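Read the structure below first, then the notes.
The values are calculated or read from the model by the stated rules, or taken from the named source; none is laboratory data. Bear in mind that the values here come from a model prediction, so they are computed numbers and not experimental data. For neighbour counting, all protein chains shown are included, and Cβ atoms are generated from backbone atoms with ideal geometry for every residue, glycine included. Note: areas computed on protein heavy atoms with side chains; ligands, DNA, RNA excluded. Shrake-Rupley method; radii C 1.70, N 1.55, O 1.52, S 1.80 Å.
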Amino acid sequence: MTEISSSQSDLGQVILSPTDECVVGSNPTFVITYVVGPLGMAANGSVRINLPHDCWEPFPKLGGYYQKKTVTFEIETKGNAGITPMLESMGQAWAVAFVDRQPLDPGDKIIFTYGVHEPGTDPIRAQTFPEDYARKHACEFSLPFRVFVDTEGKRNYREITDAPRIKVRADKPSIIHAVLPPIIRAGEAVALKCSLLDRFRNRPDDKVEAASCRFMRSREGSSTLTNVTRRMTLTVPELGISKEVQLDEASDNHAVVDDITFDKPGRFRVTVECEGIREEGRSNTVEAIPEKPKLNLYFGDIHGKTLASDGPGTVDEYYQYGRDYAHLDICAVSDHMEFAYTKTPDAWAEVQEKTRDYYEEGRFVTLRAFEWTSNTYGHRNAYFPDDIIEESYWTLSDKAAYYQRELTPEQFYRLFEGREVLLIPHHTIYNYDWTHHNPELERLVEIYSCWGSSEFSGNPLWDKREIEGGAVRDALNRGYRLGIMASSDTHDSCPGRCCAGNRAANINYKHGILGVYAPSLTRRAVYEALKARRCFGATGERIRLEFSINEIFMGEEMILDSPDVPRRLYLKVIGTDKIDRVEIIRNGKAAYTLSGESDFFSATWTDTTPLGQSLTSELDGAAFDYYYARVLQADGNMAWSSPIWIRST
């Protein structure tokens with residue numbers, strides 16, 4: 001049996017067995033043994049152990065009252081002492097053993113078992129993303145197996161600071177993830193990006209030795225399978241194309257197949273097979289068109305956390321996952337400024353430096369960003385188009401003032417006077433105050449993330465408390481010109497990981513993803529596209545969405561000569577599953593609803609309803625109308641376009 005222990009001290013020793021590692025999603029058992037130190041332990045003394053809870057299931061239980069136990073307590077002593085077990089929650093999970101009857105002598109033991117496998121128990125399930133808890137900050141509020149000891153029975157707890165920390169590692173590869181550019185000119189050479197992921201879409205822990213894959217293009221609606229070979233091969237028989245790549249240990253479970261050419265116009269997907277992987281992978285749909293597209297579609301995830309705040313991974317691991325495993329085009333780290341960069345003073349500088357270093361024009365755009373959290377006014381992320389290294393916006397003195405009296409949004413806006421910045425609110429339905437708004441800085445809103453959807457009150461993708469008037473439609477009805485985007489708000493440091501389950505039990509939806517229409521993959525082009533609201537959001541899948549009115553693209557404003565001028569609406573969707581229905585939302589209500597028949601949808605409507613009949617802008621008092629598209633797939637995934645705003649003279 002493998003075990004790991006702390007050093008001996010006056011407080012005692014902690015031994016963790018059978019191992020300090022487990023696999024994501026597994027059902028482990030941990031035995032934590034506290035060995036009483038030279039000081040002994042008085043009657044009424046106690047030991048407190050922080051148990052995993054946020055993203056582990058179920059919450060620790062002692063059993064009884066129709067609950068199956070997940071934690072047991074034992075004592076080994078030569079005397080007559082006993083223990084009284086307790087579980088305390090208070091936002092965390094603590095196993096507490098109180099000594100009764102008589103003191104414990106040096107060498108006596110209190111044994112905690114977490115993850116009991118016997119009749120009448122409930123096995124625990126480890127978190128679904130990898131994490132090395134030994135890397136977490138000592139002040140972390142949730143750090144499994146932190147051990148505090150009260151040797152005198154006076155509730156004066158001291159920590160055994162070198163108690164063992166656990167490591168949760170990824171599983172073996174079992175999913176194939178393949179990505180193509182969503183729209184190309186027929187005959188243009190493009191790259192297919194492919195990676196192997198574990199069953200929870202993590203970067204695998206075990207590298208595949210000489211894994212063999214074969215890639216083959218398949219026309220939409222057909223299924224093309226090939227025999228597994230020892231090489232990764234892309235074949236397009238009708239075009240005479242054959243490309244091979246060896247996916248060996250050095251490739252680290254990801255590869256890029258360059259110079260793939262689709263000579264014929266049409267919509268295509270790639271089917272991928274890999275030796276040792278049970279299920280085949282299929283890429284997103286690529287549409288080859290006769291002419292070069294005016295705008296390219298890029299996908300990104302620009303909202304997530306690292307070790308600097310409440311994520312488990314380093315900045316390097318974060319960007320590497322987004323680039324090499326999720327195959328994102330756009331990515332940003334947005335750690336919490338108000339506490340991330342006071343725990344480790346150099347963290348903000350490191351995030352900025354790594355963001356600059358990982359930027360690669362034409363391949364991977366990174367944006368400098370941070371999150372500003374206010375429990376009173378709501379959460380906003382700040383995004384910059386530059387790569388300068390600047391000092392933190394938050395000092396220790398600021399933090400003290402923050403908890404005494406928060407900065408108002410107006411004070412926050414003044415921090416950026418004369419600066420280029422985009423401020424994007426998120427999970428607004430939860431705790432956002434829309435009475436504060438800066439239309440120059442706040443041009444987008446995050447409609448969806450792993451928290452759920454903030455689209456409208458009572459929507460099916462939200463299961464937490466709501467604040468009245470906090471939904472995205474509430475802001476749009478006020479006349480705010482807010483484009484729509486989505487991202488993950490990942491707390492697992494895996495941007496673009498399209499998987500449910502995150503750090504906390506109440507963060508239980510799939511990651512979101514952002515679609516951006518830009519002329520090129522550069523930081524400036526992406527930033528300007530976001531500023532122009534030329535973007536949309538989706539629930540993690542690479543759904544392609546185009547929406548326009550009278551040839552005005554989503555995110556734009558238009559003025560018509562008369563409120564009676566007809567509006568010609570155009571919507572095109574290329575989904576990742578059968579499209580269940582599409583809806584055109586006008587002024588917060590569904591104006592048109594059509595059912596889908598496949599994963600492709602294209603339609604036009606003519607709206608002759610008079611304009612300016614229902615909404616008046618709080619910004620300037622003018623009457624206005626807005627439209628946006630929402631897409632619902634048969635598999636439950638959704639997408640939302642940015643609105644188009646219309647006024648009439």
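Label-point separation (nm) for Glu279 and Ala43, each offset 7 Å from Cα along Cα-to-Cβ?
The two pseudo-label positions are separated by 6.0 nm.
Principal axis extents for the stretch 347-478, Cα atoms only, whole Å, descending order, please.
42, 41, 26
From the gyration tensor of the Cα coordinates in the stretch 553-649, what semi-axes in whole Å does the equivalent ellipsoid have, largest first, with each one equal to sqrt(5λ)?
Semi-axes, largest first: 28, 13, 10 Å.
Leaving ligands, DNA and RNA out of it, work out the accessible area of Glu74 with a 1.4 Å probe and give it in Å² to the nearest 10.
100
What are the extents of the Cα atoms of the stretch 20-113 along their three principal axes, in Å, largest first?
Here the Cα extents, ordered largest to smallest, are 39, 31, 21 Å.
Work out the FRET efficiency for Leu461 and Leu594 from their Cβ-Cβ distance, taking R0 = 35 Å, and round it to the nearest 0.05.
E(calc), rounded to 0.05, equals 0.95.
Evaluate the Debye formula for the stretch 250-307 with equal point scatterers sitting on the alpha carbons, no solvent, and hand back log10 of I(q)/I(0) at q = 0.21 Å⁻¹, in q order, two decimals.
-1.11
Work out the FRET efficiency for Glu118 and Asn508 from their Cβ-Cβ distance, taking R0 = 41 Å, and round it to the nearest 0.05.
0.90
Along Cα→Cβ, 7 Å out, is where each label goes; now give me the distance between the ones at Arg647 and Asp577 in nm to one decimal.
Here the answer is 4.2 nm between the modelled labels.
Using a 1.4 Å probe on the protein chains only, how many percent of the accessible area of the stretch 264-389 belongs to carbon and sulfur?
C and S atoms contribute 43 percent here.
Tell me, how many Å apart are the Cα centres for the stretch 422-443 and for the stretch 313-338?
23
Rounded to the nearest 500, what is the chain's calculated 222 nm mean residue ellipticity when only DSSP H runs of at least 4 contribute -39500 (n - 2.57) each, over all residues?
After summing the helix terms and dividing by residue count, I get -2500 deg cm²/dmol.
For the stretch 86-195, what is the convex hull volume of the alpha-carbon atoms per residue, in Å³?
Spelled out: Cα convex hull of the stretch 86-195, divided by residues, is 225 Å³.
Is there a quick way to get the dipole size of the chain? I mean about its Cα centre, with the Cβ of Lys and Arg at +1 and of Asp and Glu at -1; what is the value in debye to the nearest 20?
Here the chain has a charge dipole of around 1000 debye.
Among Leu180, Tyr359, Pro28, pick out the residue whose Cα is farthest towards the positive end of the charge dipole of the chain, where Lys and Arg carry +1 and Asp and Glu carry -1 on C-beta, about the Cα centre.
So the residue furthest toward the plus end is Leu180.
For Ile289 and Glu390 in the same chain, what is the full-extension length gain: residue separation times 0.36 nm, less their Cα-Cα distance, in nm?
Numbers: separation 101, 0.36 × 101 = 36.36 nm, distance 4.38 nm.
Between Ile289 and Glu390, full extension yields an extra 32.0 nm.
Might you work out the accessible area of Leu415 for me, using a 1.4 Å probe with all protein chains in place, and round it to the nearest 10 Å²?
That residue has around 70 Å² of solvent-accessible surface.
How big is the chain by the Kirkwood estimate over distinct Cα pairs, in Å?
It works out to 26.9 Å.
Can you tell me which of 427-436, 184-193 comes out highest on packing, and rank the rest after it, using the mean Cβ neighbours within 10 Å?
Highest mean packing first, the order is 427-436, 184-193.
What angle, in degrees between 0 and 90 and rounded to the nearest 10, separates the Cα long axis of helix 347-358 from the longest principal axis of the Cα atoms of the chain?
Here the helix axis deviates by roughly 40 degrees.
For the stretch 596-638, state the semi-axes of the equivalent ellipsoid (square roots of 5 times the eigenvalues of the alpha-carbon gyration tensor), sorted largest first and rounded to whole angstrom.
Square roots of five times the eigenvalues give 31, 15, 7 Å.
Heavy atoms only, probe 1.4 Å: what % of the accessible area of the stretch 551-649 goes to carbon and sulfur, would you let me know?
Numbers: 2000 of 4340 Å².
So the carbon and sulfur contribution to the accessible surface is 46 percent.
Given R₀ = 51 Å, what would the calculated FRET efficiency be for Thr608 paired with Glu159, taking r from the Cβ atoms and rounding to 0.05?
On the way: r = 71 Å, r/R0 = 1.39.
Computed FRET efficiency for Thr608 and Glu159: 0.10.
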